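I have placed the structure first, in the form of structure tokens, so that the comments after it can refer back to it.
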Amino acid sequence: MKTRHSALEYKLFLGPAAVALTAMLLVGCQGEDEGAELPPRPVKTVSVSFSPEDTFGSLVGEIRPVVETSFSFRQGGEVRERDVEVGDLVEPGTVLARLDAEDAQDALRKAEANLFSAEAQSQNAEISRARQQQLYPRTTTRQALDNAIAQASMAQAGVDAAKAGLRIAQTNLDNRVLKANAAGVVTATGGEVGQVVGGGQMVVRVAQLGARDAVFEVPEATIQTTGGQARVDVQLLSNPTSTATGAVREISPTANPITRNFTVRVGLDAAPDDFRFGSAVRGTIRLAGAPAARLPMTALFNQNNETAVWLVDAASSTTKLVPVEVHRFDTQDFLVTKGLASGDQVVVAGVQQLRPGMAVRLLEGSAK
């Protein structure tokens with residue numbers, strides 16, 4: 001027959017010595033856990049750098065021509081030829097496209113015939129006037145002479161009208177041909193061969209070579225702060241070493257109804273050759289101002305309603321919270337004028353998990 005023992009019986013069986021030994025082991029384990037040090041927390045930092053100019057951030061835009069002409073026919077018709085494609089270079093007088101001109105040619109021939117008939121009538125009327133002039137007053141009356149003079153005048157008016165009709169017919173025929181008025185490059189086409197286009201419809205668009213603009217969509221706040229006299233530094237996104245500078249040339253009077261931004265055109269002083277139409281560029285507005293350091297928004301920390309950032313002490317590799325004075329908040333970063341020194345290492349990731357004196361290690365990619 002098996003006997004069950006209670007917990008109290010086991011405790012009595014082990015004895016006071018075993019119980020004391022167990023308690024000592026538990027206390028020792030707890031002491032080890034409390035005394036263990038946490039490994040340094042990895043953080044990412046940037047080095048503080050003050051600039052003698054106040055930078056209003058940067059915007060991405062594109063290169064566009066200063067003068068871009070949309071060529072269209074004055075009258076509608078069927079496109080018979082289109083002699084250029086997008087990217088083709090054209091010179092003044094280069095034929096861009098032609099419309100079907102059979103009806104215009106018929107109208108021209110008719111106008112030529114009308115002029116020939118009017119000139120013949122005018123010649124006969126002038127001969128009659130001259131004859132009546134010679135016969136008056138011996139064998140003709142004054143009334144006959146006046147009638148001859150009137151007929152000659154009417155015939156001359158018919159000639160003038162026929163010449164005007166011929167000019168109109170010739171102009172209508174010439175308008176069936178589109179020609180470039182300046183050197184440039186074709187940037188768009190709007191009519192294909194065989195397509196019936198209306199008067200005023202864009203058929204070919206040509207951008208004149210030479211002067212170029214950098215065009216940006218700018219928030220209203222930036223325009224109000226910088227005004228229209230700011231200088232803009234422009235760099236090519238595909239090749240940051242290719243740069244140019246310019247001044248604001250035009251600000252759109254109305255905002256985009258969707259983005260509420262304003263179109264700003266910056267006239268470039270001397271654009272490099274690789275600033276091609278449509279190339280993506282980055283523009284930076286700079287104005288003279290107090291030295292300021294630009295930091296990303298991820299470095300911002302709020303303590304007791306005061307703006308602060310975390311610094312990493314280079315000697316001890318520990319953190320320190322430092323209050324700063326912010327000059328301005330932008331979309332993705334902010335400008336600091338006081339509280340930091342050049343070369344300070346500011347934590348820009350994971351600032352909410354830090355505390356003063358915490359041991360940290362710099363992640364790869366941190367500025368030093």
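Whole number in Å², please: accessible area per residue of the range 63-108, 1.4 Å probe, ligands, DNA and RNA not counted. Walk me through the intermediate numbers first.
Details: 2500 Å² over 46 residues.
Result: 54 Å² of accessible area for each residue.
Each residue of the range 154-171 is assigned a 3J(HN,Hα), and the resulting list reads 5, 5, 5, 5, x, 5, 4, 5, 5, 5, 5, x, 5, 4, 5, 5, 5, 5 Hz, derived from the Karplus form 6.51 cos²θ - 1.76 cosθ + 1.60 (θ = phi - 60°), x at Gly and Pro.
For GLU112, the accessible area of its heavy atoms, probed at 1.4 Å with every protein chain present, is near 90 square angstrom.
For VAL309, the residues whose amide H sits under 5 Å from its own are VAL322, VAL324, ignoring neighbours fewer than 5 places away on the same chain, with H placed 1.01 Å from N.
Largest accessible area first, the residues PHE262, PHE216 order themselves as PHE262, PHE216 under a 1.4 Å probe with ligands, DNA and RNA left out. Ranking ARG276, ARG294 by solvent-accessible area of protein heavy atoms (1.4 Å probe, all protein chains present), from largest to smallest, gives ARG276, ARG294. Only protein atoms count toward the accessible area here, which uses a 1.4 Å probe; on the range 72-222, the carbon and sulfur part of that area reaches 49 percent. Average accessible surface for the range 237-308: 59 Å² per residue, computed with a 1.4 Å probe over protein heavy atoms with every protein chain in place.
Accessible surface calculations at 1.4 Å, restricted to protein heavy atoms, place the range 309-359 at 52 Å² per residue.
The portion of the accessible surface of the range 294-361 made up by carbon and sulfur, rounded to a whole percent, is 48 (1.4 Å probe; DNA, RNA and ligands excluded).
The values are calculated or read from the model by the stated rules, or taken from the named source; none is laboratory data. The structure presented is a predicted model; accordingly, all values stated were derived computationally and were not measured. Quick note on the areas: whole protein, heavy atoms, side chains included, nothing else; ligands and nucleic acids left out. Shrake-Rupley method; radii C 1.70, N 1.55, O 1.52, S 1.80 Å.
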